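Worksheet: one structure, shown below.
Please treat every number below as a calculation from the coordinates, not as lab data. Note that the coordinates shown come from a computational prediction; the quantities given were computed from them, not determined experimentally. Methodologically, a virtual Cβ is constructed for each residue, glycine included, from the backbone with ideal geometry; neighbour enumeration extends over all protein chains shown.
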Amino acid sequence: MSDCRYQSLFAYAPSMAAAVFFTSALGLSAVLHLGQAVYFKTRCMIPLVVGALFETVGYIMRCVSASEDFGCWSLPPFIIHSILVLVAPAVIAASVYMLLEKIIRLFDGDSYSILSPRWITRIFVAGDVASFLIQSYGGSMVSKPTATESSKKAGQHFVLAGLAVQVAFGVLFTIVAGVFHRRICKAFTAAGVSQEIRWLMTLYGVMVLITIRNIFRIFEHSGGQDSSLMKHEYLPYLFDATPILLALLWFNW
């Protein structure tokens, strides 16, 4: 039920058209990923499916908010959307890390990587889990309209810390993947590695898209609740929803 006590949840009237579009597009991608994961029996894609479902449910909740009267928004859909959309990219990134390990193992390429394949998933997924938990905790604090200003500021600091952890591990991952990429290209002919190189390019592209989104979120939360970035709905759609949708579709392809 809508509750007019929570008039400050949005600084604008949420767009139903945008929410429906991204719900549909993300939902379709999630279904395709689930089908591909089952058909090809790729367990490393499970986090990607979960992340896509998080995004889809998050934007379903946005549709709920958009359907409500201005200023009389329900609290649960707002909180669910805020938290799921915040943490979903960290879940998606776990599949990126696991795929690099899989590619290295296909080449029996331990000697070409600066990290052992068995440590790649452990280290980067551990960083991902830390980022996920920190952002979840901070997001739960920020999304409570009844929280005090000091509590919201503390929550934003947690969100920023979680995003910073995710960006740092993303940069480190790109270095590890890049070194392996360069060494493997020197050791094998182009024809021998073409398919795997295509997958490496996919990993690079997806990490760039996730990083663009993370940098936007860092700027957004660093400005506090009164940040101008939080007062314009098109900005999170442009710099969060769109990069994540493109990343998911890239993996579908």
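A few points about this structure:
- The charge dipole of the chain, taken about the Cα centre with unit charges on the Cβ atoms of Lys, Arg (+1) and Asp, Glu (-1), comes to about 700 debye, rounded to the nearest 20.
- Sites residue 116 and residue 253, calculated FRET efficiency, Cβ-Cβ separation with R0 45 Å, nearest 0.05: 0.90
- Ordering 92, 216, 244 by the projection of their Cα atoms onto the charge dipole of region 16-252, which places +1 on the Cβ of Lys and Arg and -1 on the Cβ of Asp and Glu, puts 92 at the extreme positive end.
- Region 1-149 - convex hull of the alpha-carbon atoms, volume per residue in Å³: 121 Å³
- Helix 16-40 and the long axis of the chain differ in direction by around 30°, with both axes built from C-alpha atoms.
- D (Stokes-Einstein, µm²/s), Kirkwood Cα radius, region 81-171, 1.567 mPa s at 4 °C: 91 µm²/s
- Translational diffusion coefficient (Stokes-Einstein; Kirkwood radius from C-alpha pairs) of the chain at 10 °C, 1.306 mPa s, in µm²/s: 84 µm²/s
- Over the chain: helical MRE at 222 nm, DSSP H runs n ≥ 4 each giving -39500 (n - 2.57), nearest 500: -26500 deg cm²/dmol
- The loop-placed trypsin sites (Lys or Arg not before Pro) in region 21-68, going by DSSP, that have at most 15 neighbouring Cβ atoms within 10 Å of their Cβ come out as 41.
- Degrees, to the nearest 10: 190-222 long Cα axis against longest axis of the chain: 20 degrees
- Amide hydrogen neighbours beyond the local backbone of residue 67, cut-off 5 Å, H modeled: none
- Between the helical axis of 149-187 and the longest alpha-carbon principal axis of the chain there is an angle of about 20 degrees.
- Mean Cα-pair separation over length for the chain, i.e. relative contact order, pairs under 8 Å, 6 or more apart, %: 20 percent
- FRET efficiency for residue 6 and residue 31, using Cβ-Cβ distance with R0 set to 30 Å, rounded to 0.05: 0.40
- Reduced Cα scattering model of region 1-59, Debye log10 I(q)/I(0), q = 0.14 Å⁻¹: -0.53
- Of the trypsin sites (Lys or Arg not before Pro) found in region 132-237, those in coil by DSSP whose Cβ has at most 14 other Cβ atoms within 10 Å are 231.
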